[in-house]
Structures are given as C-alpha cells and as structure tokens.
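Data first, discussion second: the structure below is written as structure tokens.
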Amino acid sequence: MLRLNCFFKANEGEFDKALQAAKTLVGKSLQHEGVIAYDVFTSATRPDVFMICETWASQEALDKHAATPEFKENVPVMESCGLFKIEKFEF
C-alpha cells in the first residue's frame, strides 16, 4: 500500500479556486480502482493551507489514477494556484 500526504499552500487569493479543484479531484478519485482512502482536509490554523491524503493499494493503481482526465485537469489548476509538498510512504 501507498500513502501520499499532499500539503498545499495557496498563493494569495487562490485558495478557493485550488480547494474547488481538490474537491472535484477527490470526488471522482474515490471511484478509481485501487483507492483505499482519499480526502481533502483544510487547516484549522492556516487559511491558505489544505492537505490531500490518499491511500492506494499499489503503485500501479496510483499510476492509473495519475493518468485519468480528472487528475490531468485538476492538478494543473491547483499547481497554478500555489505550491505542493508531497510525502510518500510505502507499507
């Protein structure tokens, strides 16, 4: 299994746009084969930060997810709105 913690810090004025793209991606990704968990969490202390937490059954499932239209559409939107820091764990 793989766990990704994707921390996002929005540029000024871009948080809502990025969060909407994240919510769209999460909603569709929950239907992907091999997904175990996938959600987005907003910070309780920083109004410009959210985290996407995702767990996948395998690297193959994650790779298929990254090739989907919703990933290719929404991730660039988020990237244009701020910065990601991604932590990846295998267990």
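A short reminder: the numbers here are calculations on the coordinates, not readings from a lab. Note that the coordinates shown come from a computational prediction; the quantities given were computed from them, not determined experimentally. Here Cβ is always computed from backbone atoms with ideal geometry, including for glycine, and neighbour counts include all displayed protein chains.
What is the sum of charges, Lys and Arg at +1 and Asp and Glu at -1, for the other residues whose Cβ falls under 15 Å from the Cβ of Lys23?
Numbers: positive: Lys17, Lys28; negative: Glu14, Asp16, Asp39, Glu54, Glu70, Glu73.
Every neighbour counted, the sum reads -4.
All other residues with a Cβ under 13 Å from the Cβ of Glu14 taken together, and with Lys, Arg as +1 and Asp, Glu as -1, what is their net charge?
Surrounding charge for Glu14 is -2.
Taking every pair of Cα atoms in the chain, average 1/r, invert it to obtain the Kirkwood radius, and report Rg/Rh to two decimals. Could you put the intermediate results ahead of the total?
Working: Rg = 12.6 Å, Rh = 13.1 Å.
A ratio of 0.96.
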